[in-house]
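A.B. asks: Sharing a structure here in structure tokens format.
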Amino acid sequence: TPRLILYPESIKVSKSMKRMLRETSINVSFDQHFLEVINKCSQIKRKSQFGTWIHENLKATFIKLHQLGIAHSVEVMKEGRLIGGLYGLAIGQMFCGESMFSEEPNMSKLALIKLCEKLVELDFKLIDCQQVTEHLLSMGGEIMEEDLFFEFLEKNKLKSLPINSWNK
């Protein structure tokens, strides 16, 4: 099965998102509100989806991985309130995106743009988006054929785990 991936340096940022990036009332942070992000991702209502796949045991595992410096979050704050974000795993030079949410328009897009900037800085090669969505395709996501994806995984296994906090 092909995978949707995104090369961090190739993210497409629309003119309206460029304006939003300059908005001074919005702050973006990393690894400051991991628990809140995972909780909001599990509670957000999604079209054609009933309930959540983010059950309590899975949350506990991701929280432990966060404490170990492997799972990371991106938080979009406005006036002290969390209005968007995402979380996932940093493995070698790959970020495995797990879930994102937005309580105001475009806030998950903003989180993804800031994640890409961070990943370029940290020399990550790709984001495994897993799910093919119009949202991710419009931001530069590409379908990677299964054999190429597994080839990347084999090379990535040789990389060390980047264990650290991103909130510096």
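A.B. asks: Can you tell me what the convex hull of the Cα atoms of the chain projects to on average, as an area in nm²?
C.D. replies: Details: hull surface 39.4 nm².
Averaged projected area of the chain's Cα convex hull equals 9.9 nm².
A.B. asks: Measure out, as a whole number of angstrom, how far apart the alpha-carbon centroids of segment 142-168 and segment 83-124 sit.
C.D. replies: Here the two parts' Cα centres lie 15 Å apart.
A.B. asks: Determine the share of the chain's accessible area contributed by carbon and sulfur atoms, expressed in whole percent, with a 1.4 angstrom probe. If you can, show how the numbers build up before the last one.
C.D. replies: Values: 4990 of 9440 Å².
Answer for the chain is 53 percent, counting heavy atoms of protein chains only.
A.B. asks: Cross-link list K78/K159; K18/K64; K15/K40; K15/K64; K59/K109; K64/K118: which exceed 32 angstrom alpha carbon to alpha carbon?
C.D. replies: Working: K78/K159 36 Å; K18/K64 35 Å; K15/K40 28 Å; K15/K64 38 Å; K59/K109 23 Å; K64/K118 22 Å.
Beyond 32 Å between Cα atoms: K78/K159; K18/K64; K15/K64.
A.B. asks: For the chain, what is the percent of antiparallel DSSP beta bridges, rounded to the nearest 5?
C.D. replies: On the way: 27 of 30 bridges.
So the antiparallel bridges amount to about 90 percent of the total.
A.B. asks: What's the magnitude of the charge dipole for the chain around its Cα centre, counting Lys and Arg as +1 and Asp and Glu as -1 at the beta-carbon? Answer in Debye, nearest 20.
C.D. replies: Once rounded to the nearest 20, the dipole reads 480 debye.
A.B. asks: Right, next: Restricting attention to segment 1-39, which GluC sites (Glu not before Pro) occupy a DSSP loop and are surrounded by at most 14 other Cβ atoms within 10 Å?
C.D. replies: For GluC sites (Glu not before Pro) across segment 1-39 that sit outside H, G, I, E and B with at most 14 neighbouring Cβ atoms in 10 Å, the list reads E23.
A.B. asks: List the trypsin sites (Lys or Arg not before Pro) within segment 62-152 that fall in a DSSP loop (any state other than H, G, I, E or B) and whose Cβ has at most 15 other Cβ atoms within 10 Å. Before the final figure, lay out the partial values.
C.D. replies: On the way: sites: K64, K78, R81, K109, K114, K118, K125; in loops: K125.
Filter output for segment 62-152: empty list.
A.B. asks: For n ≥ 4 DSSP H runs only, could you compute -39500 (n - 2.57) per run for the chain, divide by its residues and tell me the 222 nm figure to the nearest 500? Working shown, then result.
C.D. replies: Numbers: 6 runs with 60 residues, N = 168.
The helix contribution divided over the chain gives -10500 deg cm²/dmol.
A.B. asks: Additional query: Could you run the Debye sum over the Cα atoms of segment 80-139, one equal point scatterer each and no solvent, and tell me log10 of I(q)/I(0) at q = 0.22, 0.30 Å⁻¹, two decimals?
C.D. replies: Relative scattering, expressed as log10 I(q)/I(0), comes to -0.92, -1.39.
A.B. asks: With a 1.4 Å probe and all protein chains left in place, how much accessible area per residue does the chain have, in Å²?
C.D. replies: On the way: 9440 Å² over 168 residues.
Normalised by residue count, the accessible surface of the chain is 56 Å².
A.B. asks: Along segment 107-115, what does the Karplus equation 6.51 cos²θ - 1.76 cosθ + 1.60 (θ = phi - 60°) give for ³J(HN,Hα), rounded to whole Hz, x for Gly and Pro?
C.D. replies: Ordered by residue, 3J(HN,Hα) equals 6, 6, 5, 4, 4, 5, 4, 5, 4 Hz.
The values are calculated or read from the model by the stated rules, or taken from the named source; none is laboratory data. Predicted model only: the values in this text are computed from it and were never measured. Methodologically, a virtual Cβ is constructed for each residue, glycine included, from the backbone with ideal geometry; neighbour enumeration extends over all protein chains shown. The area values use the complete protein model at the heavy-atom level, side chains included, leaving out ligands, DNA and RNA. Shrake-Rupley method; radii C 1.70, N 1.55, O 1.52, S 1.80 Å.
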